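Structure record follows, encoded as structure tokens.
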Amino acid sequence: MKDRRPLYLMAPALAWLTAFMVIPCLLILALAFFRRGLYGGIEYTFTLENLALVFDPLYAGIFLKSAAIAGLSALIAVIVGYAAAFAIAAAPARRQPILLFFAVLPFWSNYLVRTYAWIVLLNREGLITGLAQWLGFDGELPKLLYTESAVVVGLVYNYLPFVILACYAPLSRLNPEIAEASQDLGASAWTTFRRVTVPLTFPGIATGFVFVFVLSIGNFVTPALLGGGQFQMIGNLVYAQFLTANDWPFGAALSMILIAIMMGLLTLQTFASERASGAKREDS
Amino acid sequence: MARTANSRLMLVILAAVFAFLYVPISVLVALSFNDGGLPTAWTGFSVKWYGELFRNADVMSAAFNTLVVAVVSTIFATLFGTLLAIGVEIRRRKGRFLETIIFAPMIIPDIVLAIALLSFFSMLNVTMGLHTVILSHVVFNLAFVCSVVRARLKTFDWSIVEASADLGASTPITMIRIVIPVMMPAIIAGALLAFTLSVDEFIIAFFTAGAGRASITLPMQIFAMIRFGVTPEINALATIVMAVSVIALALSQRLNRGGLPGQ
Amino acid sequence: MTQALLSLKDIQKYYGSARAVAHLDLDIQENEFFALLGASGSGKTTLLRMLAGFETPSSGQILLGGEDISRLPPNRRPINLMFQSYALFPHMTIAQNIAYGLEMDRLPKAEIKTRVDEMLEIIQMSHLARRKPDQLSGGQRQRVALGRALVKRPRLLLLDEPLGALDKKLRGEMQLELKRIQSEFGITFIVVTHDQEEALVMADRVAILKDGTLLQCGTPHEIYEHPQSRYAADFIGTMNFIDGVAEADGLRAASGQPIHAPRPQGIAAGDPVSIAIRPERLKIGAEGFDNTVTGTVVATAYQGLDLQLHLKTDLAAQPILVRLTAQDVDDTPLSEGSTLSIGWAAKDTRVFKA
């Protein structure tokens, strides 16, 4: 059985992935180097204009803005998620699975619904405004919905369960005697956390950060719903090139950049994790 | 003692994080049962908004479309994904390229796959509709089914396959009578996961469904509705969608303890 | 008498209502190599963790040099622990692992470097200083763990099953190595182990724990030759047990044969007793002994210089184990099934209340 050629088994799936993932993605890659046609079509002449346009101040600004929002969201999600994962890993062993289950449960519900829940909370007739009035606050509350903060909150909310999962994995695998050894050698709880626990669980932190950053920077649903279209992120820009502006080559170039950022970060993360966890062997 | 101070801090962290995670969706669920429908005043328990929902023809047709997409794409994805998983696991040589191809659908940002498929279909002059959504959903669904089934195959005792051969069974018979039945819980878990992902998927469907009301799926309908603000009807719809995915995935997890990707 | 380095005064530890350690008193002297010996669940690990500071006694005091440390956190105690899993920091090199404890003491950089280099020399790991723990063998990791704890020059070094993870041959070498290092540094060692042989070989004194109480404490010789309970006799080394009963004028085995043995205090006529004899105290012969018995050889096994044989007798349901040296057996036919008489002295017989 182990020796049978497994190609027959893999053929349908691999054919499917080739036809509907590999080829379309190569197509996008190619598209990024073609010229935009006069009426929104595509002119098949090679050009680097689309990639150059990405660095045009107008678009570079959007890039930086998206990166800032995605970076902030990723940072907050990692801090909160790591704290939560740490608390779960510190709970009695028999309670950990159930805590983890409930931490991840929201992740399983629809993304749009989770984002919508924040519209319900934040909108002008929403619960938070109502709560403020009920508490006797009659002045004008600052605008909550359709702000950058709302977008950041929405992104953190949506991706937090993933970060908790990613950080919990290395934390739960940590030999508790290692932290005890650090204390036994004279380190305070804080020093132990900083010099032993965090470096040893860095792979989880890095995975969480990269995941949130990449999904946030390419997101167009949350900025559209919680940002109210007030500002654009790369995801919205891509969306616009394909569905409204009809500049497919530029949209393709943008998504190539998106993929490049993701791959770059993933490579960096693998490298950094190996260094931090000491898994890399210098010689043997 | 430091110990109790620490565990108190841990409790505070857990309470805060769980409140952050659950208050928004709980408010949503509660409001869907609010008779008056206003977010600021509770006027009594009622299921009337659910009734409204079932009388809304747009929502009903979108729900039907979603069901078609999810069921058909799950069937294909389960079949292909399971075969792929078995194929990869019995293959002796582990290829990095192969692993990347199988892993890619799970990590490519949705928007990239969505525009890639949109360009692909329109360049081939394919008329887009529910069928193109189904074709596209199979791509990531089969990858997820494959990863769930592979996780289970890692602990599969291959000697029972040899035992079956030793007792005279041919390879197809061994497959049907031994491998598939043993793997069934993982396969069903994978299928449930695929079904849920498909029901919830918005971005790829949005780009590959083409124009026209006929091929709108439920998430697309929800997206269109929530752009215009909060209504009690959406609250009810959101509650149902949430309940369906949570139940399906809890079931999937139960069938396949610890086998979901990322765990 | 001088003041003990470490004094445990009526230590008790409860987990909820479960008692892990009960009314424990123990003194350990400066420079001693001390072993806490017990089966799993005996409370030895709990006791060790209380000494290191990871657990707090429910009542009682731990005095180190006369000072109560029972409520001091682990990072403030001049006591270091060598963990059972070694607990080396996997993200740091060997040298960084060893330097860590000194950095916590905020010593000057130059001094840290000198002391780390010294320690690497002592544990013979200088050439591997830049390696990470996962690139070392089990024995090397063990030495690093020891060096990391020793470099802080603690007043007391605790070792949790220090040789448990090593294979048999290495274990023998490391037993001697640990003893050498201990006498060289003049630091008090407390070893926790479940391996009685290890305890007897290494320790100056051994304490046997059972169900959270201290059964007996003494030198290996005392413990081996004069166990004070049936449990201790059984736990340490190999022992033959014969069921019997105390009578007004002596002891009688269950088979009816009288047994000559010193009768300890506290056993009254009519009490059931366990009569214990070490296998190596049994000699071949029918005459000139306080006690003799005849039986059938049921099994023999050579163990290098030793010959062990199992002798089925009327005295006990279990065959009696006899350990003979090569000279003893030269002229005696000892094939299975043959009949053999053995005897032993009254002074080599121990009697316990059953």
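The values are calculated or read from the model by the stated rules, or taken from the named source; none is laboratory data. All of these numbers come straight from a predicted model, not from anything done at the bench. Using ideal geometry, Cβ is built from the backbone for each residue, glycine included, and neighbour counts are taken over all protein chains shown. Note: areas computed on protein heavy atoms with side chains; ligands, DNA, RNA excluded. Shrake-Rupley method; radii C 1.70, N 1.55, O 1.52, S 1.80 Å.
Pairs linking a residue in segment A:122-146 that is touching a residue at least 60 places away in the same chain (Cβ under 8 Å) to a residue that is hydrophobic (A, V, I, L, M, F, W, C) and part of a loop (DSSP other than H, G, I, E, B), with Cβ atoms under 9 Å and 6 or more positions apart or on different chains, are A:Leu122/A:Leu144; A:Leu122/A:Leu145. Only residues that are more than 10 Å from every other protein chain (Cβ to nearest Cβ), assigned to a helix (DSSP H, G or I) and more than 18 Å from the chain's Cα centre (by Cα) were counted in segment A:63-110, giving 2. All conditions but one from (1) out of contact with any Leu (no Cβ under 8 Å at 6 or more places or on another chain); (2) in a helix (DSSP H, G or I); (3) over 30 Å from A:Ile42 (Cα atoms) apply to B:Lys94; the one that does not is (2). Residues of segment A:244-265 that are part of a helix (DSSP H, G or I), open to solvent by 10 Å² or more (accessible area, probe 1.4 Å) and more than 8 Å from chain B (Cβ to nearest Cβ): A:Met256, A:Ile257, A:Ala260, A:Ile261, A:Met263, A:Gly264, A:Leu265. Could we say that A:Leu141 is farther than 22 Å from B:Glu201 by Cα, of a type in the set (A, V, I, L, M, F, W, C) and surrounded by 19 or more Cβ atoms within 10 Å (Cβ to Cβ) here? So A:Leu141 does not fit the description; no. For segment A:187-240, what are the residues that are closer than 19 Å to A:Gly71 by Cβ, within 11 Å of chain B (Cβ to nearest Cβ) and outside any helix (DSSP H, G or I)? Scanning segment A:187-240 gives A:Gly218, A:Asn219, A:Phe220, A:Met233. Since B:Gly37 meets every condition but one in (1) of a type outside the set (A, V, I, L, M); (2) within 30 Å of A:Ala87 (Cα to Cα); (3) open to solvent by less than 20 Å² (accessible area, probe 1.4 Å), which condition does it not meet? Of (1) of a type outside the set (A, V, I, L, M); (2) within 30 Å of A:Ala87 (Cα to Cα); (3) open to solvent by less than 20 Å² (accessible area, probe 1.4 Å), only one is false for B:Gly37: (2).
Once segment C:123-160 is narrowed to residues that are within 15 Å of C:Ala99 (Cα to Cα), more than 13 Å from every other protein chain (Cβ to nearest Cβ) and outside any loop (DSSP other than H, G, I, E, B), the residue that is nearest to the chain's Cα centre (by Cα) is C:Arg143. Within segment C:34-70, the set of residues being assigned to a strand (DSSP E or B) and of a type in the set (Val, Ile, Thr) comprises C:Ile62 only. Taking the criterion of being at the interface with chain A (Cβ under 7 Å from one of its Cβ atoms) and either part of a loop (DSSP other than H, G, I, E, B) or buried (at least 21 other Cβ atoms within 10 Å of the Cβ) (or both), the residues of segment C:71-91 that qualify are C:Pro74, C:Asn80, C:Leu81, C:Phe83, C:Ser85, C:Ala87, C:Phe89, C:Pro90, C:His91.
Filter segment B:189-214 for residues that are closer than 21 Å to A:Asn246 by Cβ, touching a helix residue (DSSP H, G or I) at 6+ places or on another chain (Cβ under 8 Å) and either modelled with pLDDT under 90 or in a helix (DSSP H, G or I) (or both) and give the result.
Taking segment B:189-214 first, the residues closer than 21 Å to A:Asn246 by Cβ are B:203-212.
Filter once more, keeping what is touching a helix residue (DSSP H, G or I) at 6+ places or on another chain (Cβ under 8 Å): B:203-210.
Of everything in segment B:189-214, those that are closer than 21 Å to A:Asn246 by Cβ, touching a helix residue (DSSP H, G or I) at 6+ places or on another chain (Cβ under 8 Å) and either modelled with pLDDT under 90 or in a helix (DSSP H, G or I) (or both) turn out to be B:Ile203, B:Ile204, B:Ala205, B:Phe206, B:Phe207, B:Thr208, B:Gly210.
Only one of the numbered conditions (1) within 13 Å of another protein chain (Cβ to nearest Cβ); (2) touching a residue at least 40 places away in the same chain (Cβ under 8 Å); (3) of a type in the set (Phe, Trp, Tyr); (4) surrounded by fewer than 22 Cβ atoms within 10 Å (Cβ to Cβ) is violated by B:Phe97, and that is (2).
Yes/no matrix, rows are residues, columns are (1) more than 10 Å from chain A (Cβ to nearest Cβ); (2) under 25 Å from A:Leu26 (Cβ atoms):
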residue	(1), (2)
B:Val112	no, yes
B:Trp158	no, no
B:Ala191	yes, no
B:Ile203	no, yes
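Is it fair to say C:Ser58 is open to solvent by 10 Å² or more (accessible area, probe 1.4 Å), over 22 Å from C:Leu150 (Cβ atoms), of a type in the set (S, T, N, Q) and in contact (Cβ under 8 Å) with a residue 12 or more places away in the chain? When the stated conditions are applied, C:Ser58 passes them.
So in segment B:220-252, with the set limited to residues that are open to solvent by 40 Å² or more (accessible area, probe 1.4 Å) and in contact (Cβ under 8 Å) with a residue 24 or more places away in the chain, which one is farthest from A:Thr222 (Cα to Cα)? Before the answer, list the steps.
Within segment B:220-252, the first condition is being open to solvent by 40 Å² or more (accessible area, probe 1.4 Å), and the residues that meet it are B:224, B:227-228, B:230-231, B:233, B:240, B:243-244, B:247, B:251.
From the residues that got through so far, the ones that are in contact (Cβ under 8 Å) with a residue 24 or more places away in the chain too are B:230-231, B:233, B:240, B:244, B:251.
On the way: B:Val230: 16, B:Thr231: 19, B:Glu233: 21, B:Ile240: 21, B:Val244: 22, B:Leu251: 29 Å.
By that ranking, first place goes to B:Leu251.
Selection over segment C:196-229 of residues that are part of a loop (DSSP other than H, G, I, E, B), of a type outside the set (S, T, N, Q), open to solvent by less than 60 Å² (accessible area, probe 1.4 Å) and over 23 Å from C:Phe241 (Cβ atoms) gives a count of 2.
Just name the residue that is most open to solvent (accessible area, probe 1.4 Å) out of those in segment A:111-130 that are outside any helix (DSSP H, G or I) and of a type outside the set (Lys, Arg).
Within segment A:111-130, the subset outside any helix (DSSP H, G or I) is A:123-126.
Keeping just the survivors that are of a type outside the set (Lys, Arg) gives A:123, A:125-126.
Values: A:Asn123: 20, A:Glu125: 123, A:Gly126: 0 Å².
That would be A:Glu125.
Going by the conditions given, is A:Ile23 surrounded by 11 or more Cβ atoms within 10 Å (Cβ to Cβ) and within 30 Å of B:Thr74 (Cα to Cα)? Against the criterion (surrounded by 11 or more Cβ atoms within 10 Å (Cβ to Cβ) and within 30 Å of B:Thr74 (Cα to Cα)), A:Ile23 qualifies. Between B:Val68, B:Val72, the distinction of being more than 14 Å from chain A (Cβ to nearest Cβ) and among the aliphatic types (A, V, I, L, M) belongs to B:Val68 only.
Listed here are the residues, each with its yes/no results for (1) open to solvent by 50 Å² or more (accessible area, probe 1.4 Å); (2) within 9 Å of another protein chain (Cβ to nearest Cβ); (3) over 30 Å from B:Met175 (Cα atoms).
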{"position": "B:Ala15", "(1), (2), (3)": "yes, no, yes"}
{"position": "B:Leu31", "(1), (2), (3)": "no, yes, yes"}
{"position": "B:Lys48", "(1), (2), (3)": "yes, no, yes"}
{"position": "B:Phe64", "(1), (2), (3)": "yes, no, yes"}
{"position": "B:Gly81", "(1), (2), (3)": "no, yes, no"}
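Do the conditions hold for A:Leu225, that is, is it in contact (Cβ under 8 Å) with a residue 40 or more places away in the chain and under 24 Å from B:Thr100 (Cβ atoms)? No, not satisfied.
Residue count for segment B:27-66 satisfying the condition of being touching a residue at least 40 places away in the same chain (Cβ under 8 Å), of a type in the set (A, V, I, L, M, F, W, C) and under 26 Å from B:Leu192 (Cα atoms): 6. Filter segment C:146-195 for residues that are among the polar types (S, T, N, Q) and surrounded by 21 or more Cβ atoms within 10 Å (Cβ to Cβ) and give the result. If the condition is that a residue be among the polar types (S, T, N, Q) and surrounded by 21 or more Cβ atoms within 10 Å (Cβ to Cβ), then C:Gln182, C:Thr188, C:Thr193 are the ones that fit.
Answer with yes or no whether C:Leu163 is in contact (Cβ under 8 Å) with a residue 12 or more places away in the chain and assigned to a loop (DSSP other than H, G, I, E, B).
So C:Leu163 fits the description; yes.
For A:Trp134, the conditions (1) under 13 Å from the mean Cα position of the chain (by Cα); (2) facing chain B (nearest Cβ under 9 Å); (3) of a type in the set (Phe, Trp, Tyr) are fulfilled apart from (1).
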